[in-house]
Amino acid sequence: MKVPFQRATADEELAKISLFMLKHKSDFNPAFTTLDMLEQLYTNMTQGYLHYAMTEEGRVVVAGAYYHGTPEKQFADRHVVFIDYVILDPAYRGTTLFLQSLQHIVGWVREAHPEATELRLKAMSDNLRVCRLYGKFVQPSYKEDTPYGEMTVFCENINQIVAILKKFDRL
């Protein structure tokens, strides 16, 4: 199933993504409250880049956000792109939609931020499904404690990820 991906910039797009993320906030982090998710979305909208895919009927089925640089370094580490999340509608898990999402975001990053050489993703360490999924594309590098629990940080050279993703082009 192919769905078109795009960067969210218009108010209507941001509203649809916000409603999708509020509905799926426990997929982002089981400990998140509505206020936590709203704070997260505000940060994504003001300091990051939101991308999404919608069905022909106008239903958001995937939302993702990334930062050029990392929030911990006040985005000064411009060689890093940090993908904050890629959340899929549960009905689309187990499909190639996550792969398409990652291909879209990495392609966008290479075009918009050619100076970026490293890609990072984070997952709750106890979320084995997501850690296994990320581990197919990016190597786990270290763990960090957050107010919501331990996170595993995955890091890889962007060119290496592009090479890995090219293997899946025929899917």
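Scanning segment 69-81 for residues that are under 29 Å from LYS23 (Cβ atoms) and open to solvent by 10 Å² or more (accessible area, probe 1.4 Å) yields PRO71, GLU72, PHE75. Only one of the listed residues (LEU97, LEU102, LEU88) is open to solvent by 10 Å² or more (accessible area, probe 1.4 Å) and touching a Leu at 6+ places or on another chain (Cβ under 8 Å). That residue is LEU88. Based on what the data block shows, is PHE137 in contact with a helix residue (DSSP H, G or I) (Cβ under 8 Å, 6 or more places away or on another chain) and either hydroxyl-bearing (Ser, Thr, Tyr) or outside any strand (DSSP E or B) (or both)? Answer is yes for this residue. Just so you know, in segment 105-133 the residues that are under 23 Å from PHE32 (Cβ atoms) and in contact (Cβ under 8 Å) with a residue 40 or more places away in the chain include one that is least open to solvent (accessible area, probe 1.4 Å), and it is ILE105. Exactly one residue among GLY64, GLY69 is under 21 Å from VAL153 (Cβ atoms), of a type in the set (Gly, Ala, Ser) and touching a Ser or Thr at 6+ places or on another chain (Cβ under 7 Å), and that residue is GLY64. Report yes if some residue within segment 134-155 is among the aromatic types (Phe, Trp, Tyr), out of contact with any Pro (no Cβ under 6 Å at 6 or more places or on another chain), at pLDDT 90 or above and surrounded by fewer than 19 Cβ atoms within 10 Å (Cβ to Cβ); otherwise report no. Yes, segment 134-155 contains a residue that is among the aromatic types (Phe, Trp, Tyr), out of contact with any Pro (no Cβ under 6 Å at 6 or more places or on another chain), at pLDDT 90 or above and surrounded by fewer than 19 Cβ atoms within 10 Å (Cβ to Cβ).
Residues are listed down the side, and each one gets a yes or a no for (1) at pLDDT below 95; (2) surrounded by fewer than 16 Cβ atoms within 10 Å (Cβ to Cβ); (3) outside any loop (DSSP other than H, G, I, E, B); (4) of a type in the set (Phe, Trp, Tyr):
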site: LYS2; (1), (2), (3), (4): yes, yes, no, no
site: GLN6; (1), (2), (3), (4): yes, yes, yes, no
site: THR9; (1), (2), (3), (4): yes, yes, no, no
site: PHE20; (1), (2), (3), (4): no, no, yes, yes
site: SER26; (1), (2), (3), (4): yes, yes, yes, no
site: ALA31; (1), (2), (3), (4): yes, yes, no, no
site: MET37; (1), (2), (3), (4): yes, no, yes, no
site: GLN40; (1), (2), (3), (4): yes, no, yes, no
site: THR43; (1), (2), (3), (4): yes, yes, yes, no
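The values are calculated or read from the model by the stated rules, or taken from the named source; none is laboratory data. Here the structure is a predicted model, which is why all the values come from computation and not from measurement. Ideal geometry is used to build each Cβ from the backbone, glycine not excepted, and the neighbour counts take in all protein chains shown. Note: areas computed on protein heavy atoms with side chains; ligands, DNA, RNA excluded. Shrake-Rupley method; radii C 1.70, N 1.55, O 1.52, S 1.80 Å.
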